[in-house]
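Visitor: I'd like to ask you about the structure that follows.
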Amino acid sequence: MAIVVSIRPLLAISCPFICAFLILLFRKRPNIRESCTMVASIIQFLIIFSMAPIVVAGNVIECPLFTIFTGLVFIFKIDAFGLIFAITASFLWILVSSYSIGYMRSLHEHAQTRYFACFALAIFGAVGIAMSKNLITMYFFYETLTIATYPLVAHDGLAEWGHKEAETEKAREARFAGRKYLAYLLTSGWCFFVAIVLTFYLTGTTDFESGGILTVDSASRSTLMLLFALFMLGSMKAAWMPFHSWLPTAMAAPTPVSALLHAVAVVKAGVFVIVRIVCYIYGVDLMSALGLGTILACVASFTMIVGSLFAIAQDNLKRRLAYSTISQLSYIIFGVALLGPKGITGAMIHIPYHGFMKITLFLCAGSILVATGKKNVSELAGIGRTMPVTMLAFAVGALGMSGIPPVSGFVSKWYLCLGTLEAGELVFLAVILISSLLDIVYFFPIIFTAFFGKPAELTDGGEKNKKTEIKEAPLFMVVPLTLTAIISIIFCLRPNTFYILELAKLAVAGLVGGGV
């Protein structure tokens, strides 16, 4: 493996940061402001994707910036696993940016400049996490992501600059969601910081290394287990139970922000960090020796099942999707906890595959809201006939979440099932199958009702009217959700699209040897 020194990681990171500045600069010219977002997102993706052939060839790309002090360097590194997350976040930023333009303008949302600027900074944080070579660099971007997304979560409760703060029930709910969001994730950040300090004290480094930097001789067994607990608490962005309640509450945010939280940045950053800790700080051998893999798999299994049960009980569509995310994220934690090649491969590819499927579902929910004003599952009877493109895309996402071909969720769940067999854990295989069955239970009634349910008849003065024709949402919104649905199918038919499967196999080969 050769190290290629390049400024491309810095250029990729700079795109959303410069974009945020330009958005503020052109705040009074919306067309230019939104054009900056679209251009920056496209340029960033092209820069990141241009690094894929270099990494697939077995190299890593580094871009050192400065030394804090001996042993601590602020540095970017693009390896196979980091590139998977970077490609996912940068590509989805393009689509969510387009969707956001249609959504924010259709609803005449306030503070659109702040919204787009914070969105760009959130991508800055997410891609920075993906490209970090060590825990210190990752921590900076991890906390940047938290701060940048707070105004997005609390958007409906924060007035536009220079105006009085709104006092509606919706605004109070949004401000509460923002406070809860900060309370959980800033507390989590402190745990993460303490874990980083302790790791540096024990090893003299915070670099990510295949096979890990900790060993059984680094500290006592109890200290290593305590350190792992701190890292897990520092990864509350992954919304594992019981530290999950901030995520459904954060559904008070605009729908594109919900998509950002669930598919592009925040929760994906959480599970990405957990995979980094397990594979690149502890290593599979130490995890196995300490019995931490089994503990982590049990936590993930509990979250997978209980999250699905909570989802079944939700009538609000976004909250149902939120609990679905809590369950689905734990598939990634579950896969890496199996500590085998196939399980870890399944975990890594589920990051992009889930991202595309879940963003499809949230974009569909937002389109339904814009076109009809409906938010609840109980209100969707017959909507598939009036919004066929949106609901067909929703059906694709739902099929994938349930692990049904020909959608990409089938591929990642297949690898996870193979991982349980590889580990000889039939109980965990049963967990995946039960969880997938529960996915069907809370998704399929939505699809059936939308396409085969009878719409409620509208009345006016006691007289029945003809069914009101409901058109699709604006093209700026429909096109992105259609593309994410199509790509979710392509990922199943061609799992190596965007080099995803090849990158995952390359990353796993360096972790456990032999690959898959």
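Visitor: Could you compute the FRET efficiency for VAL441 and ILE486, with r as their C-beta to C-beta distance and R0 at 30 Å, rounded to 0.05?
Guide: 0.70
Visitor: Before I look further, what does the range 89-216 give for accessible area per residue, probe 1.4 Å, in whole square angstrom?
Guide: With all protein chains present, the range 89-216 gives 36 Å² per residue.
Visitor: Can you give the angle from 0 to 90° between the axis of helix 112-130 and the longest principal axis of the chain, with both taken from C-alpha atoms, to the nearest 10?
Guide: Its long axis makes an angle of about 30 degrees.
Visitor: Can you order the peptides 242-248, 153-159 by their average number of other Cβ atoms within 10 Å per residue, highest first?
Guide: Descending packing order for the listed peptides: 153-159, 242-248.
Visitor: Out of the total accessible area of the chain (probe 1.4 Å, heavy atoms of protein only), what percent is carbon and sulfur?
Guide: 67 percent
Visitor: Then there is this: Please sort 131-138, 344-351, 441-448 by packing, taking for each peptide the average over its residues of neighbouring beta carbons within 10 angstrom, highest first.
Guide: 344-351, 131-138, 441-448
Visitor: Taking the 0 to 90 degree range and rounding to the nearest ten, how far is the long axis of helix 409-422 tilted relative to the main principal axis of the chain, both from C-alpha atoms?
Guide: Once rounded, the angle reads 40 degrees.
Visitor: Can you give the accessible area per residue of the range 319-436, in Å², using a 1.4 Å probe?
Guide: That works out to 24 Å² for each residue.
Visitor: What FRET efficiency comes out for ILE42 versus PHE448 if R0 is 51 angstrom and r is the Cβ-Cβ distance? Round to the nearest 0.05.
Guide: The calculated FRET efficiency here is 0.85.
Visitor: Would you calculate a helix-derived [θ] at 222 nm for the chain, using -39,500 (n - 2.57) for each DSSP H run of n ≥ 4 and dividing by the full residue count, to the nearest 500?
Guide: Value at 222 nm, helices only: -22500 deg cm²/dmol.
Visitor: Follow-up question, since we're still on this one. Suppose every K and R has +1 on its Cβ and every D and E has -1 on its Cβ; what is the size of the dipole of the range 295-398 about the Cα centre, in Debye to the nearest 20?
Guide: 120 debye
Visitor: Provide, as a two-decimal number, the C-alpha radius of gyration of the chain over 2.2 N^0.38 Å, N being how many residues it has.
Guide: Dividing the Cα Rg of the chain by 2.2 N^0.38 Å gives 0.94.
Visitor: To continue, here is another question. Among the listed pairs LYS77/LYS318; LYS77/LYS358; LYS180/LYS375; LYS180/LYS505, give every one whose C-alpha distance is greater than 31 Å.
Guide: LYS77/LYS318; LYS180/LYS505
Visitor: Quick one: angle between helix 30-50 and the longest Cα principal axis of the chain, in degrees between 0 and 90, rounded to 10, please.
Guide: 40 degrees
Visitor: If you take every DSSP beta bridge fully contained in the chain, what fraction is antiparallel? Give it as a percent rounded to 5.
Guide: Roughly 80 percent of the beta bridges in the chain run antiparallel, per DSSP.
Visitor: Residues of the range 15-69: accessible area per residue at 1.4 Å, in Å²?
Guide: For the range 15-69, the per-residue accessible area is 52 Å².
Visitor: Apply the a/c threshold of 1.5 to the C-alpha gyration tensor of the range 67-127 and tell me whether it is rounded, prolate or oblate.
Guide: Note, shape of the range 67-127 comes out oblate.
Visitor: Quickly work out the GLU502-to-ALA289 label distance, labels modelled 7 Å from Cα along the C-beta direction, and quote it in nm with one decimal.
Guide: Going from the ALA289 label point to the GLU502 one covers 3.6 nm.
Visitor: Follow-up. For a Förster distance of 30 Å, can you work out the FRET efficiency between the beta-carbons of GLU379 and SER245, rounded to the nearest 0.05?
Guide: Here the calculated transfer efficiency is 0.75.
The values are calculated or read from the model by the stated rules, or taken from the named source; none is laboratory data. Keep in mind that this is a model prediction, so the values were computed, not measured. Methodologically, a virtual Cβ is constructed for each residue, glycine included, from the backbone with ideal geometry; neighbour enumeration extends over all protein chains shown. Calculation scope for accessible area: heavy atoms of the full protein, side chains included, ligands and nucleic acids excluded. Shrake-Rupley method; radii C 1.70, N 1.55, O 1.52, S 1.80 Å.
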